[in-house]
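What follows is a short report on a single structure.
The values are calculated or read from the model by the stated rules, or taken from the named source; none is laboratory data. Model, not experiment: these values are computed from the prediction. Every residue, glycine as well, gets a Cβ built from its backbone with ideal geometry; the counts of neighbours run over all protein chains shown.
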């Protein structure tokens, strides 16, 4: 069994900031827009180095999306920055009409997603954003797992022609993926090889899946762990190849079980290889105020829940 360790924890939003800063030095067409949350989105360094390529829109997220769409007409590559709730739910009409429908080259970069926003509470903890964005034709949807992967993804999406939704978070989480990784849109990463169950996870739940695999190994269960950083386009082949070996699957995400990664995986399985599946996700509910750790435990978004669902799905084989 392959063991993953880490020497530090860093927030994924800082990975975005680092990636944006690097793009500012290497790609003159990259511009950044923010809705009054520069510090929260870690855009400070980019702004210091490229003040003429930054636009502070203020608390006017709908305007930000429309301006970003317009900037693409002149060949610019706009990266918008605000909380995930304000990047999607508040501005869905502008994204649909001005960005997705027109296939504009806008990178919608969304921080503070999911329950791990913590004490800000249910009004800010969006748990339906992946569903909203993946239903838009032509929209790429990415949800990264740690600092290094977020930085790599931020850099990679600048070279992709078309709209992208990049989702990341606020809390410090283990940094365990390679610093020099090359991010490939739509290509899942097998982190752990196994034969008894497939665990596919996205975002903050990837580390929890690896921790669950350790516990399962001690119980004599071999878990295959796959990092699904791109939810759309989904790596169907990686999922199907894995379940052909293991015969069952658990999906894990910091999102509503309706509309998220789990439902995308279920569609693939229903069409090509019907397989027992269990979901680790929120159960059609809003969040509440609390620390990220408290909320992840209460809503069952941790390694313990992954172990529980694994034991359940294996019995269904």
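Kindly establish whether residue 85 is assigned to a helix (DSSP H, G or I), more than 19 Å from residue 156 (Cα to Cα) and over 21 Å from the mean Cα position of the chain (by Cα). Here the answer is no, as residue 85 does not meet what is asked. Does residue 19 fit the bill of being exposed (fewer than 14 other Cβ atoms within 10 Å of the Cβ) and either over 27 Å from residue 182 (Cα atoms) or at pLDDT 95 or above (or both)? Taking the combined requirement at face value, the residue does not satisfy it. Selection within the range 58-77: residues that are under 21 Å from the mean Cα position of the chain (by Cα) and closer than 17 Å to residue 136 by Cβ. The member of this set that is surrounded by the fewest Cβ atoms within 10 Å (Cβ to Cβ) is 61.
The conditions of being within 25 Å of the chain's Cα centre (by Cα) and crowded, with 24+ Cβ neighbours inside 10 Å are met by residue 35.
Being farther than 29 Å from residue 132 by Cβ, without any contact (Cβ under 8 Å) to a residue 40 or more places away in the chain and crowded, with 19+ Cβ neighbours inside 10 Å is a description that does not apply to residue 218. Among the residues of the range 99-124, the ones that are closer than 25 Å to residue 29 by Cβ and not in a strand (DSSP E or B) come to 8 in all.
For the range 25-36, state whether one or more residues are under 20 Å from residue 147 (Cα atoms) and either in a loop (DSSP other than H, G, I, E, B) or not assigned by TED's automatic domain parsing to the domain that holds residue 154 (or both). No: the range 25-36 contains no residue that is under 20 Å from residue 147 (Cα atoms) and either in a loop (DSSP other than H, G, I, E, B) or not assigned by TED's automatic domain parsing to the domain that holds residue 154 (or both). Checked against the criterion of being in a helix (DSSP H, G or I), closer than 26 Å to residue 203 by Cβ, touching a residue at least 60 places away in the same chain (Cβ under 8 Å) and assigned by TED's automatic domain parsing to the domain that holds residue 169, the candidates 96, 90, 13 yield just one match: 13.
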